[in-house]
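The values are calculated or read from the model by the stated rules, or taken from the named source; none is laboratory data. Model, not experiment: these values are computed from the prediction. Positions of Cβ are generated from backbone atoms using ideal geometry, with glycine treated the same way; all protein chains shown enter the neighbour counts.
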Amino acid sequence: MDKITLRVTRSGGKRASYEVKYRKGMTVLDALTEVREKQDSTLGYRHSCRMGICGSCGMTIEGLPRLACQTQVSSLNTGTINIEPLHNMEVVKDLVVDILPFFDLHRSVKPYLIRTDLKERDQSDREYRVLTEEVEKFLQFDYCIMCGLCYAACPTAALDPFYTGPQAIAQAYRYMADPRDEGWEMRVNLLDTSHGVWRCHVAGACSFVCPKDVDPAKAIQLARTEILKKRILRKRPREGSKPVSPPVAGAAKEGVKPPPFDFGGARK
Amino acid sequence: MKRDQRYKAGIISSLIPSKFSVERWSYTVHRITGVIMVGYLMAHIFETFQLGGGSTAWANTMAALHSLGPMEMVGLWIVAGSALYHGGNGIRLVLNEAFGRLMGKPILPVYPYSPTSLGRNQKIAVWTITALVLALWVWAGVYLLAGIGVI
């Protein structure tokens, strides 16, 4: 394969074709950058980190929502690559979509630790202890980079513009499972609506396209079980873990001074 | 977000499961079979409603149905397949949705990623249900269509 053709859906639905010289290791983002630098400077697309961390270069590549920076041209097994903007979002220009409504959905589930004691929250000199097995219950969902691929892949989001969406529900569950959080009941009430968790029909498309294995489909079902526990078993919101004083170096053995820092000769 | 502002291709692609996993296909078939069953339910209500018109109205309705010929039984066979798939897949969905079963526990993602919610257990459930439904559907076909000489 010497050359590849990019068929890009541009603003207004028009399709433009660009030929790019293929080189080993080329990603779709590399190809688009080459087009913009050498052929068509008006081509609009969004990117930043180029290494699958910022989540800005989401687009529909060969029918699937993917990160352009993480999609190797060779992995697509085709000489003609069809590229569209992400589905279920408004197009700003060419491949750039308006991601703000998606961020609004994320914000709507209050994606932060909620504590009822505001004094403790704002003036605390102590810290919250979380056990390793407690971290394992939510860490997977913490890896979300908010790229919007799950929302673009979701068939329910396509048909219901008011659906909370897989990303936001996964983030809500991430905090519901956090032992430090005291907003369990508030989040259950936010999700327990006709446009909330009950709208999901387990198509699994969100988990299939997630570039970080956050597995939103799993988080949604786990959030559902939490809501059912509240509704059927009358589960009451748990208390958040209590803050504890941070450990002090050398405090375990009274009178023993902590060892001096050892820079391993690096500063000599 | 207003619907008309959104990229319309999303609505079209929501109907097409190609390139996605088998669960996405299952979702589409589940929806189609659901629509078929709703259609059948409405037709069935209309049909039984004719009983109110007396024996003549009922006989006319039956005559109209029988005038469809083999299509009557073929239609029933399609409805039977829809009910089987919708019911069987529904059991899997209840396990998923109400009890969080077949989804796996939260894990620490390790590359190459493989979401547990679409993992081995889920695949086994989907394919077992599909195989059972197909077997029962074939049996229903023999039962319904053999009598009218279609097979």
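Numerical summary
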| item | result |
| --- | --- |
| Answer from A:G165, A:G183 - the residue that is farther than 17 Å from A:Q221 by Cβ and buried (at least 19 other Cβ atoms within 10 Å of the Cβ) | A:G183 |
| Some residue of segment B:104-121 being in contact with a helix residue (DSSP H, G or I) (Cβ under 7 Å, 6 or more places away or on another chain), basic (K, R) and in a helix (DSSP H, G or I) | no |
| Test: residue in segment A:208-218 that is crowded, with 17+ Cβ neighbours inside 10 Å, closer than 19 Å to A:V130 by Cβ, more than 7 Å from chain B (Cβ to nearest Cβ) and not hydrophobic (A, V, I, L, M, F, W, C) | no |
| Among the candidates A:C49, A:C69, residue that is within 30 Å of B:L15 (Cβ to Cβ), modelled with pLDDT of 95 or more and in contact with a helix residue (DSSP H, G or I) (Cβ under 8 Å, 6 or more places away or on another chain) | A:C69 |
| Considering residues of segment A:197-207 that are part of a helix (DSSP H, G or I) and over 19 Å from the mean Cα position of the chain (by Cα) only, the residue nearest to the other protein chains (Cβ to nearest Cβ) | A:W198 |
| Residues of segment A:133-176 that turn out to be farther than 15 Å from A:P211 by Cα, outside any loop (DSSP other than H, G, I, E, B) and at the interface with chain B (Cβ under 9 Å from one of its Cβ atoms), as a count | 6 |
| Yes/no for A:R238 being modelled with pLDDT under 95, of a type in the set (D, E, K, R) and crowded, with 22+ Cβ neighbours inside 10 Å | no |
| Some residue of segment A:182-196 being part of a loop (DSSP other than H, G, I, E, B), touching a residue at least 60 places away in the same chain (Cβ under 8 Å), within 30 Å of A:E127 (Cβ to Cβ) and within 8 Å of another protein chain (Cβ to nearest Cβ) | no |
| Any chance B:T56 is more than 29 Å from B:I129 (Cβ to Cβ), more than 14 Å from chain A (Cβ to nearest Cβ), surrounded by 16 or more Cβ atoms within 10 Å (Cβ to Cβ) and at pLDDT below 95 | no |
| Condition met for A:P179 (more than 13 Å from chain B (Cβ to nearest Cβ), outside any helix (DSSP H, G or I), touching a residue at least 60 places away in the same chain (Cβ under 8 Å) and within 20 Å of A:Q140 (Cα to Cα)) | yes |
| Residues of segment A:139-157 satisfying the condition of being closer than 17 Å to A:A205 by Cβ and of a type in the set (A, V, I, L, M) | A:L149, A:A152, A:A153, A:A157 |
| Subset of segment B:5-20 that is in contact with a helix residue (DSSP H, G or I) (Cβ under 6 Å, 6 or more places away or on another chain) and surrounded by fewer than 21 Cβ atoms within 10 Å (Cβ to Cβ) - its residue that is modelled with the highest pLDDT | B:P17 |
| Segment B:94-118, subset more than 7 Å from every other protein chain (Cβ to nearest Cβ) and more than 25 Å from the chain's Cα centre (by Cα), residue surrounded by the most Cβ atoms within 10 Å (Cβ to Cβ) | B:S114 |
| Residue satisfying condition, being crowded, with 18+ Cβ neighbours inside 10 Å, of a type in the set (K, R) and touching a residue at least 40 places away in the same chain (Cβ under 8 Å), within set A:R129, A:R66 | A:R66 |
| Which listed residue is under 30 Å from A:T164 (Cα atoms), of a type outside the set (A, V, I, L, M, F, W, C) and either at pLDDT 95 or above or loosely packed, with under 14 Cβ neighbours inside 10 Å (or both), from A:S41, A:S75, A:S17, A:S56 | A:S56 |
| Filter result for B:N89 (within 25 Å of A:I227 (Cβ to Cβ), among the polar types (S, T, N, Q) and either more than 9 Å from chain A (Cβ to nearest Cβ) or touching a His at 6+ places or on another chain (Cβ under 8 Å) (or both)) | yes |
